[in-house]
Amino acid sequence: MRSAYDCDVLVIGGGIVGLSTAYAITRAAPGTRVTVLEKEPGPARHQTGRNSGVIHSGIYYRPGSLKARFAVQGAAEMVKFCAEYDIAHAVTGKLIVATDKAELPRLHGLVQRGRENGIPVKELGPAQLTEYEPEVRGLAAIHVGSTGICDYVAVARRLAEASGAEIRYGAQVVRADRRAHRGVAVRTADGTVVRSRVLVNCSGLHCDQIARLTGDDPGMRIVPFRGEYYTLARPELVRGLVYPVPDPAFPFLGVHLTRGIDGGVHIGPNAVPALAREGYDWGVVRPRELGGTLAWPGSWHIARRHWRYGAGELRRSVSKAAFTEAVRRLLPAVTSQDLVPAAAGVRAQAVLRDGTLVDDFLIKEGPRTVHVLNAPSPAATASLPIGREVARRALASLSAT
Ligand SMILES: Cc1cc2nc3c(=O)[nH]c(=O)nc-3n(C[C@H](O)[C@H](O)[C@H](O)COP(=O)(O)OP(=O)(O)OC[C@H]3O[C@@H](n4cnc5c(N)ncnc54)[C@H](O)[C@@H]3O)c2cc1C
């Protein structure tokens, strides 16, 4: 007799979180039939393939938060995974540099936080900073030993292969239908129907829309923030990874200098509102998506609270001279001719109705559904533990059906 279901668990989204979830399910419960639907022709075409490629140590995050736990654990596991599957990676360490007196208490706070999270942190004066990075200037710095770099696209590909899941590319979910006691059915843009006992939503920039398609209220909206990058034409100016002291009002780390696994140095990302969820430059505008962002009260609360910071970011986005000026605080030798525009990424940032930028990872469940609703940085670093947590919840839901 034909089964009423095409699979046991259906994962929407072939980014690193969805693929890690598929991988964790088939490891924890061999024999579980997992299908992944990804709208693009291959894996990792959005956030996973458009990030800084950094394995974050976990220094920034509140002790006890999911971000802190999963980043510390995930960083070690990511290094092991890359070594096991022969994926390009390196544990390089990184510097966080204070360029203004006002940043010193926050830099000191990061040292405390890093120690609470069990991360190897060393404090440096200006002379020691120059030993690490001769061209970088600052009043003080810290060295974080466990930070690294890797190729997340290769990690996503490997997770897809090793999961043993059925992965369908070019399969955009456009409808979902939860039937009483009978699992969840989805329809893709080409009319194919896939029926599953449990649905897992890892659709990144579209996760709130998919949650609403299933009939669950996510209680948040994705507000897309683009991060623009330049490549440094004189890569010899930077040896490793150099970060500013982040502004605690934002979950973004500030424009940093990153020598990536390809040997090039990338400078960015800033944070400007994107006019479409996949709006990788100012020319990409999707009126319906933009209308949805503007109709969400949280977007207006953010605009009111952070207009001054936002105006500075906008200015640095449209003016290369202003962007260069900001970078020169860390790297005085840089000129605007050194900066070559590079591909941007867009962050899927969850925002609550009252304008709170959700800081921690957010995973919510409904009947026979698990939704990953906030998986911004460092979710690539933390993807193996996140995948296990989502898999645990999906398997619990599966055994309850
Ligand atoms: C600029 C930038 C820099 C970052 N730097 C770092 C870093 O250095 N280190 C780090 O750890 N993290 C970093 N991050 C964060 C990290 O990239 C993300 O947290 C992570 O990639 C999230 O993975 P994901 O699978 O949730 O999302 P995604 O990679 O966006 O995957 C979601 C997938 O869902 C698919 N999808 C969406 N809707 C549908 C649908 N209807 N049907 C089918 N498929 C659908 C999309 O096509 C996409 O492939 C950065 C992010 C950005 C944007």
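Ranking 300, 267, 285 by Cα position along the charge dipole of segment 232-323, where only Lys, Arg, Asp and Glu carry charges on their C-beta atoms, puts 300 farthest toward the positive end. Compute the long axis of helix 16-28 from its Cα atoms, compare it with the longest principal axis of the Cα atoms of the chain, and write down the angle in degrees, 0 to 90, nearest 10. Orientation of helix 16-28: about 50 degrees from the principal axis. Using θ = phi - 60° in the Karplus curve 6.51 cos²θ - 1.76 cosθ + 1.60, the 3J(HN,Hα) couplings for segment 162-172 round to 6, 6, x, 6, 7, 10, 10, 8, x, 10, 8 Hz; x is entered for Gly and Pro. The share of accessible area on the chain that comes from carbon and sulfur is 53 percent, using a 1.4 angstrom probe. May I ask which residue of 48, 205, 399 lies farthest towards the positive end of the charge dipole of the chain, with charges of +1 (Lys, Arg) and -1 (Asp, Glu) on Cβ and the Cα centre as origin? Looking along the dipole axis, the top candidate is 399.
Taking the Cα centre of segment 226-308 as reference, the dipole from Cβ charges on Lys and Arg (+1) and Asp and Glu (-1) amounts to some 260 debye. The angle between the Cα long axis of helix 383-400 and the main principal axis of the chain comes to about 20°, on a 0 to 90 degree scale. How big is the Kirkwood radius of segment 175-330, worked out from every pair of different alpha carbons and given in Å to one decimal? Computed over segment 175-330, the radius equals 18.5 Å.
Taken along the Cα-to-beta-carbon direction at a fixed 7 Å, the label points for residue 112 and residue 315 span 3.3 nm.
Centre-to-centre separation between the Cα atoms of segment 47-63 and those of segment 78-134: 12 Å. Taking only the Cα atoms of the chain, the ratio Rg/Rh comes out at 0.98, with Rh defined as the Kirkwood radius. Under Stokes-Einstein, with the Kirkwood radius over Cα pairs standing in for Rh, what whole-number D in µm²/s applies to segment 259-401 at 4 °C and 1.567 mPa s? Answer from the Stokes-Einstein relation: 71 µm²/s. Think of the chain as having a plus end and a minus end, set by charges on the Cβ of Lys, Arg, Asp and Glu; of 224, 16, 336, 224 sits farthest toward the positive end of this dipole.
Of all DSSP-defined beta bridges confined to the chain, some 70% are antiparallel rather than parallel. With a cut-off of 11 Å on the backbone N, the residues of segment 255-289 near the modelled label site 7 Å out from residue 340 along Cα-Cβ are 264-265.
The Cα-based radius of gyration of segment 9-134, divided by its Kirkwood radius, gives an Rg/Rh of 1.07. Dipole check for segment 92-205: with +1 at the C-beta of Lys and Arg, -1 at the C-beta of Asp and Glu, and the Cα centre as origin, the magnitude is about 920 Debye. By a 1.4 Å probe calculation restricted to protein chains, residue 294 has an accessible surface near 90 Å², given to the nearest 10. If you take all other residues with their beta carbon under 13 Å from the beta carbon of residue 314, and give Lys and Arg +1 and Asp and Glu -1, the sum is +2.
Summed over the residues of the chain and divided among them, the accessible surface reaches 42 Å² per residue at a probe radius of 1.4 Å.
This model, with +1 at the C-beta of Lys and Arg and -1 at the C-beta of Asp and Glu, gives the chain a dipole about its Cα centre of some 980 debye.
The values are calculated or read from the model by the stated rules, or taken from the named source; none is laboratory data. Owing to the predicted nature of the structure, the values given are computational and were not obtained by experimental measurement. Virtual Cβ from ideal backbone geometry, glycine too; neighbours counted across all protein chains shown. The protein model used for the area step is the full one, side chains on, heavy atoms only, and it has no ligands, DNA or RNA in it. Shrake-Rupley method; radii C 1.70, N 1.55, O 1.52, S 1.80 Å.
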